[in-house]
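Here is the structure we will look at, set down as structure tokens.
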Amino acid sequence: MFLYKEFQAVVLAGGVGSRMTELTYGQYKCLLPIGNVPMLWYPLQLLERAGFKEAIVVVSENMETNVSLALNKLNLKIKIDVVPVEDAEDLGTADSIRLIHEKIHTDFLVISCDLITNVDIGEILNLYRKHNASITALMLPAPKLPDDFVTPGPENKQKPETDLIGIDNETGRLVFLASASDFEETINISQALLRKHTSFTIHSKLLDAHLYVFNKWVLDFLVHNKNFSTLKGELLPYIVSKQLAKPPKQCVDDKNTSIVRVNLKEDIFRFAVEKPLDELIRKMSAYNDHSTDLEDAYHGDIVKCYAHIVNDKFGLRANTIQMYHFANSKISEWWSNDDIEQSNIPSISATATIRSTQMQDCRVDDNTIVDEKTSLKQSHFGPNAVVDSKTRVSQSVIMDNVTIKQRCVIHNCILCNGCVIEEGTELKDCVVGPQHIVTSGSQHSREVLTDADKLIEIE
């Protein structure tokens, strides 16, 4: 374990989960349970395992108390600084970073609270170090869903957004980044890019994991340029494109040029200045990252972006109902019980009351009561849940304070905080909203069940 003094870590956890509002009404996205621990636990545990001793967690002001209380129960060793940002849920990711810039003093790593992965962060940091990069981004294979996997709720034929990620085949440089939705049928590649990077691949089946390592100068540039609201959609594509540019002559030739004469918002090279020692080392070194010529290493580039591709690890972003439910269905397989239980989070809480003799591959949280003559399989039960007798629950997520009465059958469902499933109910592939009461004897399949007034608020 190493203390990364040259890096700080920032976890972005202020989002409201706009693509999964059926789950986040009355619940913060970063505290949604995956395998009976809050989603936020996974990136923090990933940082802790890599040797980070401290992390900044950015939340919205109204979330600070709840997030702090939840984190205190997780027995993480990493020191967490929960930083509230006003209206963070309405801000872009770049806006949030800009607002906490006074807390960041070094190169830094940014990770989204919804990233569930077991990658080795050390490998990404080493790639960043190796090339003295401006940005290094983690790319993972897009998750493949089993043919028999069914997402709870109405069938949704909307395809997930596809990223177009261009990576130099020889150097690993990230040379192109955009969303496929930005193009209709064809992609125009600039002549400058084709001349500089003669062999690169544009990937459409890679997942941008929203884990980035940034050089400190990128933050300085962001602070002075308020035009960028998001990291992924705006700032990263802009900086990636700037790899093709060279500093203006006045930046290179005239050392006495007044900074007042330069538009700071336009001139990224006033921030992306190579340190004299780094420049000297680069020029004296025999290292060359491109074998096709004998030009200066990196072609003399100061702005350098890289992609770290991992193929042998799992990873997804739990930012939709589909990915959230898939994460819950696979977490026990992906993430060994030892990893979770090392943090003193047992699969069955010591305060839970379990009278059932038919329980298979389940996790049960504090103060949950499971009556006798129940059958529970491959499901997660949050704190203070109640499952009455003669009920069957399989492949489902049961959140906090849920009550399931007698003779119910629940299969492949997500039951949100405080909902009540009255006796004799059968639910298959459904989402039940917070505090909603499902009337006794009803049968539902592939529905979202919630109160009408809450549906209005969700929209």
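Quick notes on this one:
- Backbone phi angles across region 404-414, fed through the Karplus curve with coefficients 6.51, -1.76 and 1.60 (θ = phi - 60°), yield HN-Hα couplings of 10, 8, 5, 6, 9, 10, 10, 10, 6, 10, 10 Hz in residue order; Gly and Pro are listed as x.
- The HN-Hα couplings worked out from phi for region 359-375 by the Karplus form 6.51 cos²θ - 1.76 cosθ + 1.60 (θ = phi - 60°) are 10, 9, 6, 10, 10, 10, 8, 4, 6, 7, 10, 10, 7, 6, 6, 10, 10 Hz, whole numbers, x standing for Gly and Pro.
- Solvent-accessible heavy-atom area per residue, rounded to whole Å², over the chain at 1.4 Å: 48 Å²
- Solvent-accessible area, 1.4 Å probe, carbon plus sulfur percent, for the chain: 47 percent
- Ile437 contributes about 90 Å² of solvent-accessible surface, heavy atoms of the protein only, 1.4 Å probe.
- Using distinct alpha-carbon pairs, which all enter the 1/r mean, Kirkwood radius of the chain in Å: 24.0 Å
- Once the Cα-Cα distance is subtracted from the 0.36 nm per residue extended length, the Phe149 to Ala192 segment shows a gain of 11.1 nm.
- Taking every DSSP helix (H) stretch of at least 4 residues in the chain, weighting each as -39,500 (n - 2.57) and dividing the sum by the residue count yields a mean residue ellipticity at 222 nm of -6000 deg cm²/dmol.
- Unsatisfied cross-links (Cα-Cα over 24 Å) in the set Lys144/Lys304; Lys79/Lys377; Lys53/Lys73; Lys205/Lys232: Lys144/Lys304; Lys79/Lys377
- Neighbourhood charge, 10 Å Cβ-Cβ cut-off, centred on Leu244 and excluding it, Lys, Arg +1 and Asp, Glu -1: +3
- Sequence-distant residues sharing a close amide H with Ile437 (under 5 Å, placed H): Val420
The values are calculated or read from the model by the stated rules, or taken from the named source; none is laboratory data. Quantities reported herein were computed from a predicted structural model and do not represent experimental measurements. FYI the Cβ positions are ideal-geometry reconstructions off the backbone, even for glycines, and counts take in every protein chain you see. These accessible areas exclude ligands, DNA and RNA; they are computed on the full protein's heavy atoms, side chains included. Shrake-Rupley method; radii C 1.70, N 1.55, O 1.52, S 1.80 Å.
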